[in-house]
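Before any comments, here is the structure.
The values are calculated or read from the model by the stated rules, or taken from the named source; none is laboratory data. Predicted, not measured: the structure shown is a model, and the values here were computed from it. Virtual Cβ from ideal backbone geometry, glycine too; neighbours counted across all protein chains shown. Heads up: the accessible areas ignore ligands, DNA and RNA and are worked out on the full protein's heavy atoms, side chains in. Shrake-Rupley method; radii C 1.70, N 1.55, O 1.52, S 1.80 Å.
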Number of protein chains: 4
Amino acid sequence: MTARLFDQLKASCKDDWEAYTKHEFVRQLATGTLPKKSFQHYLGQDYLFLIHFARAYALAAYKTTDLKEMRAAVASVDGILNTEMALHVEFCQSWNLGEADMADLPEAKATTAYTRFVLECGLAGDSLDLYVALSPCVVGYGEIGANLHKDPMTVLQSNPYASWIEMYAGDEYQSVANDAIAQLDRLAEQRLTPARLTFLEQTFRQATRLEADFWQMGLTLAT
Amino acid sequence: MTARLFDQLKASCKDDWEAYTKHEFVRQLATGTLPKKSFQHYLGQDYLFLIHFARAYALAAYKTTDLKEMRAAVASVDGILNTEMALHVEFCQSWNLGEADMADLPEAKATTAYTRFVLECGLAGDSLDLYVALSPCVVGYGEIGANLHKDPMTVLQSNPYASWIEMYAGDEYQSVANDAIAQLDRLAEQRLTPARLTFLEQTFRQATRLEADFWQMGLTLAT
Amino acid sequence: MTARLFDQLKASCKDDWEAYTKHEFVRQLATGTLPKKSFQHYLGQDYLFLIHFARAYALAAYKTTDLKEMRAAVASVDGILNTEMALHVEFCQSWNLGEADMADLPEAKATTAYTRFVLECGLAGDSLDLYVALSPCVVGYGEIGANLHKDPMTVLQSNPYASWIEMYAGDEYQSVANDAIAQLDRLAEQRLTPARLTFLEQTFRQATRLEADFWQMGLTLAT
Amino acid sequence: MTARLFDQLKASCKDDWEAYTKHEFVRQLATGTLPKKSFQHYLGQDYLFLIHFARAYALAAYKTTDLKEMRAAVASVDGILNTEMALHVEFCQSWNLGEADMADLPEAKATTAYTRFVLECGLAGDSLDLYVALSPCVVGYGEIGANLHKDPMTVLQSNPYASWIEMYAGDEYQSVANDAIAQLDRLAEQRLTPARLTFLEQTFRQATRLEADFWQMGLTLAT
């Protein structure tokens, strides 16, 4: 397989990928014009999102007996629970959102929709199904961060969202995203068949659309 | 336990329950003013919905070793796959929707959201979690059918949706809904604790909200 | 793919397959010399086995969205719960084992071992993993029945186990076994890769060994 | 609840608990008379066992949304994969078993039986079912270690197995075992009902019996 699976998946739903990665929420982040309330709403739901994201990697760890894959999945859970969430909490505090507030937030429908779709893909199918469903988030955020960072329209000075952009454009997150792309290829080598590709493209597309809805939720303050 | 679990759950989210069972889509069904396109869109997605609903009962059959419960769950899968879907296909044909058209429909986000939420509740938790998540649909449709049927505002003559109303108001479906209520009580006797109630109320509320979104999807032709 | 997957799997663990299909329990069934107590013990555990077997097909129904595959899996659950178990109960009564006695039997370790291995394969992996783990039982019993029936050493007259042999050698069961072989090939077309074959061979071999242990449990009255 | 759930479970299957915790393998460990081959066979299978044990805690992490419980479960996976397995590998090297040898070992039936039983309990049921199935191992090893350590019959000098006994009798492992007992009580507070107790006792008893079989496998070099 010469083409990377992630590129094939992305190419199969160009318009949806564009609608997600260049969503109005993202544009307003870039220019710093996003209403503070929208960002706060997004951040609070992202906290709940991360809990289910950690569960997805725990599920991935359960679904393999390959020690290397298990260790990678558990490192992801650990990273989310013990590093990413702490950073998130810190970041939220600078936006006047305390951790207790967030834990008590009712889950917005858009948060439920994407997270449960991912988890259920992994339970009905195998690890490849699960990681494909996760990839629009993991890899997409890296692409969004990198795009914004190099886009001349992006404002980094006096933009309250500059640190968010820099986090996802930064080397550390870019390497997380690249690892996720490489892992899809490793799994594809093990388990991809031509017959599965169409199904995986549908999974990827729906996950991408549900991610776009997550931005939309932030923009419209949907619950 | 004297109060029925279903009644407790419903009482815990009155406004959401009202927003679902008295949704504008339902009102327009009752008066026959719902645009044909909305109903067709709803019907097509309901076909996809039923597939995942059948999967949820198959999951319930897996999750028990009690023969009586297994047989009931399998009878539900069988009823959905071999009776309800056939009726549905027949009904759709009268609305110019062929089965092949429906199987090829892309799944709307609202369809994904509710179905995967239900399935994942069942996988993360136990049978009680699963059946609570299913109940706003199974029991709710019965309540909606019965409400519409006795409501003087409902038009049954020359209403293209009269047969839909009559199906859910009919004895057969009412008995399905009552069985579902009774089964919740049986499971509650086995597995309900005061500590779980709050969590089950959250599940029930979110499922109810996702059901309301399913109507909304029909109304707005959302994909 | 010209070779049938089932044949490949069987060829990969010839000795274990032989140890299972030509187990001493099977030889004594054929000659009618198996102690009555061993057969009764086997029958009682087989009743518990069937419950988990039905659960495995329910799980298979959950794990697909292909209507044809769902209907086939549900027909298997229904067949096990409503036909096979009834026949089993009837058969057991002729051996002085009532249904209530069987439902109260403690599960022998060999019963637990094979059934949970199969179910867990299906949860950790995908449908192909699940059906491969099921196949030594479904197809193996057909092979055992057919072998015994044509073996000149087999005694069918005045053999108390003749009806058991005839059931599995009969057209009805042979067609169940053939369907299972065909389904493995259908799934292989969708999901088999060279990289997965080794893993599936390990699954098949372990399932075969656990099936042999099930005979051994009957022979030694192990609990 | 005044009585600890673990004590109730243990009291419900006294003979099986005794047969497990005072198994001949354990007695021979205590006196240092266990054949080296038996211990090596046990160690190799225990390596495979730990992989599935780590998967069980990963599954537990998936099955909750409570951050404290998730962190505890993930710490267990991490502890098993990155500390316990490393110690195990080191220990095995002193017994001439290299890690590569162990990863290539075919899984013995007794290893499959206990591990898949535990995992499947967790998938069919909820976290309480899962942790109850895990407890004979986690807590049992602590009890065995402590018993041996205080038993005057135990030989600690010139016993090649002294370090094994000291590891499980040591403060670190004793505190792991006590945490597991406390966690059962926390889960029981959330999810235990009188109706579930009988079922949990059956789970506990079968898990205990399968653990005894694991010792037996070591003793008889069963594969």
Inter-copy label distances at A:Glu172 (7 Å, Cα→Cβ; nm, one decimal) = 2.9, 6.1, 6.6
Where the label is 7 Å out from Cα toward Cβ, how close does A:Glu18 come to the same position in every other copy, in nm, shortest first?
-> 4.4, 6.5, 7.7
Percent of all alpha-carbon pairs of the stretch D:161-202 at distances over 12 Å, whole number, is 69 percent
Label-to-label distances across copies for D:Thr223, with labels 7 Å out along Cα→Cβ, in nm, shortest first?
-> 3.1, 5.8, 6.4
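If you build the convex hull over the alpha carbons only and average its shadow over all orientations, what do you get for the protein assembly as shown? Give it in nm² to one decimal. Spell out each step's value before the answer.
Values: hull surface 159.2 nm².
About 39.8 nm², averaged over all directions.
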Report the FRET efficiency, 1/(1 + (r/R0)^6), for D:Thr193 and B:Thr83, where r is their Cβ-Cβ distance and R0 is 35 Å, rounded to 0.05.
-> 0.50
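What are the semi-axes of the equivalent ellipsoid for chain A, taken as the square roots of 5 times the Cα gyration tensor eigenvalues, largest first, in whole Å? Working shown, then result.
On the way: eigenvalues 154, 78, 54 Å².
With the √(5λ) rule applied to chain A, the semi-axes are 28, 20, 16 Å.
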Helix-derived mean residue ellipticity, 222 nm - over the protein assembly as shown, DSSP H n ≥ 4, -39500 (n - 2.57), to 500 = -25000 deg cm²/dmol
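Share of the protein assembly as shown's accessible area from carbon and sulfur, percent, 1.4 Å?
Values: 18440 of 35280 Å².
Here it works out to 52 percent.
What helices in chain D pass both tests, a Cα length along the helix axis of 18 Å or more and a mean Kyte hydropathy of 0.0 or higher, using whole DSSP H runs? Don't skip to the end; give the middle numbers.
Numbers: long enough: D:36-62 (39 Å, 0.06); D:109-124 (22 Å, 0.42); D:127-150 (33 Å, 0.58); D:171-191 (30 Å, -0.91); D:194-220 (39 Å, -0.34).
Helix filter hits for chain D: D:36-62, D:109-124, D:127-150.
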Mean per-residue count of partner chain Cβ within 10 Å for D:51-58 equals 5
One finds the C-alpha centres of the stretch A:136-185 and the stretch B:1-63 to be spaced, in Å, by 40 Å
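Over the protein assembly as shown, with the other protein chains present, what is the accessible area per residue in square angstrom, probe 1.4 angstrom? Walk me through the numbers on the way to the answer.
Working: 35280 Å² over 892 residues.
Here the per-residue accessible area is 40 Å².
I'd like the mean, over residues of D:65-76, of how many other protein chain beta carbons sit within 10 Å of each residue's own Cβ. Intermediate values should be presented prior to the final figure.
Numbers: counts 8, 3, 7, 0, 0, 7, 6, 0, 2, 10, 3, 0.
Mean inter-chain Cβ contacts per residue within 10 Å come to 4.
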Of the options C:Val132, C:Phe49, C:Tyr161, report the single residue whose Cα projects farthest towards the positive end of the charge dipole of chain C (beta-carbon charges: Lys, Arg +1; Asp, Glu -1).
-> C:Val132
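Quantify how much of the Cα-Cα distance distribution of the stretch B:121-210 extends past 16 Å, in percent.
Here the long-distance tail beyond 16 Å is 59 percent of all Cα pairs in the stretch B:121-210.
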Per-residue accessible area for D:Ser12 at 1.4 Å probe radius, Å² rounded to 10?
-> 50 Å²
Compactness index (Cα Rg / 2.2 N^0.38 Å), the stretch A:1-94 | 1.37
Just subtract the alpha-carbon distance of A:Asn96 and A:Lys14 from 0.36 nm times their residue separation and send over the number in nm, one decimal.
-> 25.8 nm
If you wrap the stretch A:73-169's Cα atoms in a convex hull and average its projection over all directions, what's the area in nm²?
-> 7.8 nm²
Hey, got the average number of other protein chain Cβ atoms within 10 angstrom for residues in D:106-112?
-> 5
